[in-house]
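Comments concern the structure below.
The numbers here are math on the coordinates, done by the rules we state, and not lab data. Keep in mind that this is a model prediction, so the values were computed, not measured. Backbone-built Cβ (ideal geometry, glycine too); neighbour counts: all protein chains shown.
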C-alpha cells in the first residue's frame, strides 16, 4: 500500500513537472519557415545559434514554428507567461501587440550598419515614434500566370488590368478554369486576398486618422464588385467564399486556376517546378485605378516579458548584422531590407518579384487591424455567396468595425 | 477501523484521477472564473472589471448568434447520433457471425484522426457545395460529427442491449410479440440508463463542438457555423479579449450544466 502510494505520488509529480516550461538564461527566438526548405532552414538557424553563442557567450535557442495558427500560439504563450524573448512579427500585428503592452521598443538597436533601411519598412514598424521591429527581410507579392491555360483558352496577351481580367474570365470559364484563384476563408489574412484589390481600386481599410473604417467607400465596393462579377462568370473557384490557401496544393500550382493576384515567391517557384518555367509568367501587380500590391518587412520584435532584455538586444544586433541578413536573403529568396543593396536576382521569378517591389504596401497598420479583418471577412463571404450585395456587405461590416473603433 | 481502511483504499484508487481532474479541469476553471472578471491582456497587465465581460456578452450580437447556432447543431446532432448508434447496436447484436469484425469496423471512425477525417469529408462534400451554403453547413457538420462519434455511443448501447435477458425476449416471442413490440416495450425501457448516458454525453460534446468547425469551416460561411466554443476561441486567441473569452466559456459551462440537469430530471420523471 505504502509502495503504491509512493509510486502514484512520483508518477503524478513527474506528470505535473513535465508540463513546466524550460527556464534558463538562453535567449529564445520564435522563428517561422522563412526558409521554405526544412533542411536548409535548420542548417541556417543552427549556424546562427552557434555564431551568436561564439560571439557573445550567451546561449541562443531558435524554436522553429509553423506559420499556421501563429498568432493564436503566440497569444496563448504570452498569456501563459511562457512566450519567447524575440519573435518574428509583421507590421500590421505590431500596433496591436504594442497596445496590449506586449512589446519593448528597439529603436536603439536599429542602426543597419553601413546600410540604409527601406524608409517604408521602418515607418511600418513604428508606433507613436518608437520602432518596435527590426527589419530582417522584405517580401512582396505579385501576379503569377499559368500561360498554358490562357493559351488553351485562346488568350495570348495575359491580362494585367481588372478590365482585361474580366474580359478573359468567360473564355477560361468555358474551359472549366477559373481565371483567378481566391481564398475567402475567414482564416485567411485579407492582406493577400481582398486588401490588394481594395488598394488597387484606390481605397483604404481605415480613414487617415484611424478613427473609422474606410473600406465601404465606392472604391471598396468597386473592389468587391470585381470579385463578385468574376464569381458570377465562373472566374473564381466554386468554393472561393470559404476556400483556404494551400501551401502544398495551391490551385495555380495544380492547374486549377489560371492566375493569382498576390502570390508569394516560394509558391511561384512551386508553379515553375510543376508547370515549367516556359508556362509560368511572373507579372506586375494588377492595375485597377492604381498599381499596388502587398509586401512587407519581416521584423524581429522584443517581447516585454523577455527574461534577459539586454542579452536579447545583443541577439537582435547580431541577427540584423549585414553578414547574417545577407545569408538569410540568399537562403530564403526574400529581398534585403535595405535600399542600398541589390536584390539577389538569380532567375525570372526573382526578376518578376523585384519589379513588383516598388509598388509594395505593408498593410494598413492599426491596433485593431486584425480584429477588423475578422469582422470584415464573413461579410465578404456573404457577398461572394450572393446573399448580400457588395454595398450591403461592406456597409454591414463598416458598421461593426466602426462600433469597435468607437468602443476603443 | 475496517471502514476507515476501506475508505482509504477507495481514496487511494481515486487519487490519481482526483489530482489530474483538479490540476487540469478544476483549477483551470477557477482560473477562468478569475480571468472573467478582469481585462487581462497578453502583456500581463489587468484590472478588475466586475461583471463587465458578462454584460458585454449579452450586448454582442455574435455571441447570441453563436448560442442559436450551437442549439441548432445540438438539435440536429443528438437525435441523429442516438438513432444511428441505436440502429447499428441493434444490427450488431443481431448479426450471427463476424460481430467482432463489424464492431471494430464501426468503431474505427471514433479513433480516426479528426483532421484527416475532416479533410476527406471536405472532399466528399465539395461537389454538392454543402459546406459553402449557410443553410446546409450545420447538417453537413452534424453528419461528420455523428460519423466520427457514433462508435462510442453504439458500444454503450450494445452493452445495454446485451444486458436484456435473452429468455425474456424469447418468452415474449413465444407469446406472440412482434419485433416492434419487443423493441418498444422490452428493449427500449431496459436501455433507458444507457440512453440517458449517451444523450447527456453527446449533448455535452455537441455544445462544445470546436475541432470539427476549426478544421472544416472556421465558423463560416458567413458565420453559419460560428458556435459558442468557436466564439470562445476567437475572443481569446484572435481578439486577445481573454476576460470575455473566459466569461463566454463559463456561460457555456453554465448552459451545459443546466441542460444536463434538465435531461436528468426528464429521465427521472419518465422512468
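Table for the structure above
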| quantity | calculated |
| --- | --- |
| Gaussian network model of chain B, Cα within-10 Å springs - most flexible of B:175, B:133, B:211 | B:175 |
| Cα gyration tensor of region A:282-408 - equivalent ellipsoid semi-axes, whole Å, descending | 36, 25, 11 |
| Cα-Cα P(r), region A:89-199, percent of pairs per 5 Å interval | 2, 9, 15, 14, 13, 11, 9, 8, 9, 6, 3, 0 |
| Set of region A:259-284 residues, backbone N closer than 19 Å to the point 7 Å along the Cα-Cβ line of residue A:156 | A:278-281 |
| Region A:135-252: Cα Rg divided by the 2.2 N^0.38 Å rule of thumb | 1.14 |
| Gained length - residue A:68 relative to residue A:346, 0.36 nm times residue gap less alpha-carbon distance | 97.2 nm |
| Amide N proximity, region A:119-138 versus residue A:357 label position 7 Å along Cα-to-Cβ, cut-off under 14 Å | A:119-121, A:136-138 |
| Calculated P(r) tail over 13 Å for region B:210-250, as whole % of Cα pairs | 48 percent |
| Chain A: relative contact order as a whole-number percent, Cα under 8 Å and 6+ apart | 26 percent |
| Size descriptor, Kirkwood hydrodynamic radius, that averages inverse alpha-carbon separations across region B:1-69, Å | 15.6 Å |
| Two-site FRET efficiency, residue B:159 against residue A:233, from Cβ-Cβ distance with R₀ of 51 Å, rounded to 0.05 | 0.35 |
| Separation in nanometres of the label points that stand 7 Å from Cα toward Cβ, at residue B:105 and residue A:59 | 5.4 nm |
| Helix B:242-269 axis, angle to chain B major axis (alpha carbon atoms, nearest 10°) | 30 degrees |
| Cα centroid separation, region A:351-408 to region A:147-178 (Å) | 27 Å |
| Rough spin-label spacing in nm, given labels placed 7 Å along Cα→Cβ, for residue B:115 and residue B:178 | 5.2 nm |
| Order of A:233, A:79 - criterion: other Cβ atoms within 10 Å of each residue's Cβ, fewest first | A:233, A:79 |
| Percent of C-alpha pairs per 5 Å bin, region B:60-269, short to long | 1, 7, 13, 16, 16, 15, 12, 9, 5, 3, 2, 1, 0, 0 |
| Degrees between helix B:114-125 axis and first principal axis of chain B (Cα, 0 to 90, nearest 10) | 80 degrees |
| At R0 = 51 Å, FRET efficiency that the Cβ-Cβ distance of residue A:256 and residue B:170 yields, to 0.05 | 0.25 |
| Over region B:116-231, equivalent-ellipsoid semi-axes from the Cα gyration tensor in Å | 39, 15, 12 |
| Over the protein assembly as shown: helical MRE at 222 nm, DSSP H runs n ≥ 4 each giving -39500 (n - 2.57), nearest 500 | -17000 deg cm²/dmol |
| When region A:254-297 is reduced to its Cα atoms, the Kirkwood hydrodynamic radius in Å | 11.7 Å |
| Inter-label distance, nm, simple model (7 Å from Cα along the C-beta direction), residue B:95/residue A:308 | 6.3 nm |
| More than 27 Å apart - percent of Cα-Cα pairs taken over region B:1-140 | 60 percent |
| Degrees separating the helix B:2-21 axis from the principal Cα axis of chain B, which is the longest one | 60 degrees |
| For region A:257-329 and region B:30-68, distance of Cα centres in Å | 37 Å |
| Expected-Rg normalisation [2.2 N^0.38 Å, Cα atoms] applied to the protein assembly as shown | 1.10 |
| Separation of alpha-carbon centers, region A:54-100 and region B:204-239, rounded to whole Å | 25 Å |
| Per-bin percent of Cα-Cα distances, region B:199-271 [5 Å] | 4, 16, 21, 21, 17, 10, 7, 4, 2, 0 |
| Cα convex hull of region B:185-234, projected area averaged across orientations, nm² | 4.6 nm² |
| Calculated FRET value between residue B:260 and residue B:13, using beta carbons and R₀ = 30 Å, to 0.05 | 0.70 |
